[in-house]
Amino acid sequence: MIAPGAIEVAAALIFRDGKLLITQRHRHAHLGGLWEFPGGKREPGETWEVCVIREIQEELGVTMVVNSQFAEITHAYPEKTVHLKFFTGTLLAGEPRPLGCAACRWVNQSELADFPFPAADAQLLEKLKSPHSVWA
């Protein structure tokens with residue numbers, strides 16, 4: 001159940017050659033400078049899957065297909081609550097470039113710990129660090 005007033009965010013876990021795509025938030029944005037999984041706010045009436053596909057196109061200039069939902073997390077920051085759905089996906093066309101973010105990088109499983117992520121991603125990061133996760 002989504003908390004009343006929560007901001008709904010869809011994000012993608014895109015793997016390629018044993019690496020996962022992460023993006024860096026712009027310095028002036030909420031939680032600026034932190035790294036995250038690409039995605040963004042769901043528009044009214046938009047499905048979660050359509051949202052993540054649209055956001056990936058806008059943020060990175062690539063086309064993707066959604067494979068499956070991987071995790072769902074609600075996190076309350078002092079100033080707002082976010083409800084996140086993370087989807088695994090596959091790139092169909094294009095090479096990611098930072099159009100709506102400060103930077104993007106492909107990282108392997110051991111490198112995830114080298115990047116600061118928002119508190120909302122803590123549960124997901126633990127799941128991704130486990131030896132039985134979805135790393136391809």
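The values are calculated or read from the model by the stated rules, or taken from the named source; none is laboratory data. Given the structure is predicted, the values throughout are model-derived calculations rather than measurements. FYI the Cβ positions are ideal-geometry reconstructions off the backbone, even for glycines, and counts take in every protein chain you see.
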Qualifying residues in region 21-33 (those that are out of contact with any Asp or Glu (no Cβ under 9 Å at 6 or more places or on another chain) and within 18 Å of LEU124 (Cα to Cα)) - the one modelled with the lowest pLDDT: LEU31
Scan region 60-74 and give yes if some residue there is closer than 19 Å to GLY32 by Cα, in contact with a Pro (Cβ under 7 Å, 6 or more places away or on another chain) and of a type in the set (A, V, I, L, M), otherwise no. yes
How many residues are farther than 15 Å from ILE14 by Cα, surrounded by 15 or more Cβ atoms within 10 Å (Cβ to Cβ) and of a type in the set (Asp, Glu) when one looks only at region 47-59? 0
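Does LEU99 satisfy being modelled with pLDDT of 95 or more, over 27 Å from ARG27 (Cβ atoms) and over 12 Å from the mean Cα position of the chain (by Cα)?
Working: modelled with pLDDT of 95 or more: yes; over 27 Å from ARG27 (Cβ atoms): no; over 12 Å from the mean Cα position of the chain (by Cα): yes.
The answer is no for LEU99.
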Residues to consider are VAL66, VAL50; find the one that is of a type in the set (A, V, I, L, M), more than 12 Å from the chain's Cα centre (by Cα) and not in a strand (DSSP E or B). VAL50
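Looking for something in contact with a helix residue (DSSP H, G or I) (Cβ under 9 Å, 6 or more places away or on another chain), part of a loop (DSSP other than H, G, I, E, B) and among the aliphatic types (A, V, I, L, M) - is there at least one such residue anywhere in region 7-27? Please lay out each step first, then the result.
Going through region 7-27, the residues in contact with a helix residue (DSSP H, G or I) (Cβ under 9 Å, 6 or more places away or on another chain) turn out to be 8-14, 18-23.
Remaining after also requiring part of a loop (DSSP other than H, G, I, E, B): 18.
Applying the additional criterion that residues be among the aliphatic types (A, V, I, L, M) yields none.
Checked region 7-27: no residue is in contact with a helix residue (DSSP H, G or I) (Cβ under 9 Å, 6 or more places away or on another chain), part of a loop (DSSP other than H, G, I, E, B) and among the aliphatic types (A, V, I, L, M).
For every residue, the table says whether it meets (1) buried (at least 16 other Cβ atoms within 10 Å of the Cβ); (2) in contact (Cβ under 8 Å) with a residue 24 or more places away in the chain; (3) among the hydrophobic types (A, V, I, L, M, F, W, C).
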{"residue": "ILE2", "(1), (2), (3)": "no, yes, yes"}
{"residue": "ALA10", "(1), (2), (3)": "yes, yes, yes"}
{"residue": "LEU13", "(1), (2), (3)": "yes, yes, yes"}
{"residue": "ARG16", "(1), (2), (3)": "no, yes, no"}
{"residue": "ILE22", "(1), (2), (3)": "yes, yes, yes"}
{"residue": "GLY33", "(1), (2), (3)": "no, yes, no"}
